[in-house]
1. State the number of residues belonging to the stretch 107-127 that are within 19 Å of the chain's Cα centre (by Cα) and either in a loop (DSSP other than H, G, I, E, B) or modelled with pLDDT under 95 (or both).
2. Among D40, D5, D16, which is the only one that is more than 21 Å from P188 (Cα to Cα) and surrounded by fewer than 24 Cβ atoms within 10 Å (Cβ to Cβ)?
3. Specify the residue that is farthest from L108 (Cα to Cα); the eligible residues are those in the stretch 33-50 that are in a helix (DSSP H, G or I) and of a type in the set (V, I, T).
4. Name the one entry in V53, V68 that is crowded, with 19+ Cβ neighbours inside 10 Å, part of a helix (DSSP H, G or I), without any contact (Cβ under 8 Å) to a residue 60 or more places away in the chain and of a type in the set (A, V, I, L, M).
5. Kindly indicate the residue of the stretch 152-204 that is under 21 Å from V2 (Cβ atoms) and of a type in the set (K, R) and also surrounded by the most Cβ atoms within 10 Å (Cβ to Cβ) among those meeting that condition.
6. With the stretch 137-232 as the region, which helices (runs of 4 or more DSSP H) entirely inside it contain at least 1 residues that are over 20 Å from S23 (Cβ atoms) and among the hydrophobic types (A, V, I, L, M, F, W, C)?
7. Can you spot a residue in the stretch 283-292 that is of a type in the set (D, E) and outside any loop (DSSP other than H, G, I, E, B)?
8. State which residue is nearest to V169 (Cα to Cα) when the search covers only the stretch 94-131 and only residues that are surrounded by 14 or more Cβ atoms within 10 Å (Cβ to Cβ) and among the β-branched types (V, I, T).
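The values are calculated or read from the model by the stated rules, or taken from the named source; none is laboratory data. Since the structure is predicted, the reported quantities are computational estimates derived from the model, not experimental observations. Every residue, glycine among them, receives a Cβ derived from its backbone with ideal geometry; neighbour counts consider all protein chains shown.
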Amino acid sequence: MVGADGSLLASFGDPDTFIYLRSAAKPFQLAPFVASGHFDAYDFPTPTEALAVMAASHAGEDRHSRSVQALLRAGGLSRDVLACGTHPPFDRETADRLLRDGETPSPLRHNCSGKHAGMALHAKAAGWPVETYWQPDHPIQRLALEAVSVLSEVPVDAVARATDGCGVVTFGVPLRGLALAFARLADPSGVGDDALRRALERIRDAMMQHPELVAGERRQLDTALMRAAPGRLLAKGGAEGVQAVALRAGAAHDRGKGAIGLALKVEDGDGARRARPAATVAALRAVGALDEADVAGRLADFASPPIRDPRGERSGEVRAVFRLD
């Protein structure tokens, strides 16, 4: 956990462990579009929803695909411009329905389609090539790199770059750099660039206002966390066991420290998809960011994910046993 001033407040393991941010970087990949003024040049029906889905790793529900389609329509683009590819929706009910109906998933249902739509729209408004927005040497990707560098306080040349699962660039920094970036997302007041600061505020508020667009209605950790602590925190996960949380100042966890950024990485990538939720809830509980009632209620299956036998009976549970120093 890191404060907005860069101070290390609590940790478990090595806070300087190198990680790739994966989808936890999405708010910062979106920020240059908003800061440039090009976002407001489009006539999006609901701008806050547009921002939320552009920063999302959504579950591919019908509302998500319709939202991304509306973004593209506002910019005169079609789904064919999206370079994210396809995969079945993360939402099981939606995936089962498409399979039952014989409907092939489109790029609109890819969890990164909102990010890709935002990048394509930014490129069009800026007069840059649209078809190549995803390539590492494109100006869109350079702007994203610079935003990650500024907010994590890692020099541009020291930020590692690789190809993310959706085809665009992913960035690598020490774990504390991701936590610092999220502390500044929680409280951007210390960001020197006025346009970037206002962009972060808008993105933060939009994501907290529409948590169902950031992830999904069913079994989605980010959405559940933001609904459990409305207006107090922003949660954004990433592939391979990455999770980041922006904790705003003034909540129970504050204790005079101000805004806090939490970042964690499950070393084995969390292939079973149960360590990251348990660890995240445990860390937030330890600093008082979550109420006991929430942990025992709406977050119970995230705090202690059940283990079930072949008959579907509960045979055990996952528990987080670490302590923050």
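1. 3
2. Exactly one of D40, D5, D16 is more than 21 Å from P188 (Cα to Cα) and surrounded by fewer than 24 Cβ atoms within 10 Å (Cβ to Cβ), namely D16.
3. V34
4. Of the residues listed, the single one that is crowded, with 19+ Cβ neighbours inside 10 Å, part of a helix (DSSP H, G or I), without any contact (Cβ under 8 Å) to a residue 60 or more places away in the chain and of a type in the set (A, V, I, L, M) is V68.
5. Ranking the candidates gives R184 first.
6. In the stretch 137-232, the matching helices (runs of 4 or more DSSP H) lie at 194-209, 221-228.
7. Yes; the residues of the stretch 283-292 include at least one that is of a type in the set (D, E) and outside any loop (DSSP other than H, G, I, E, B).
8. V130
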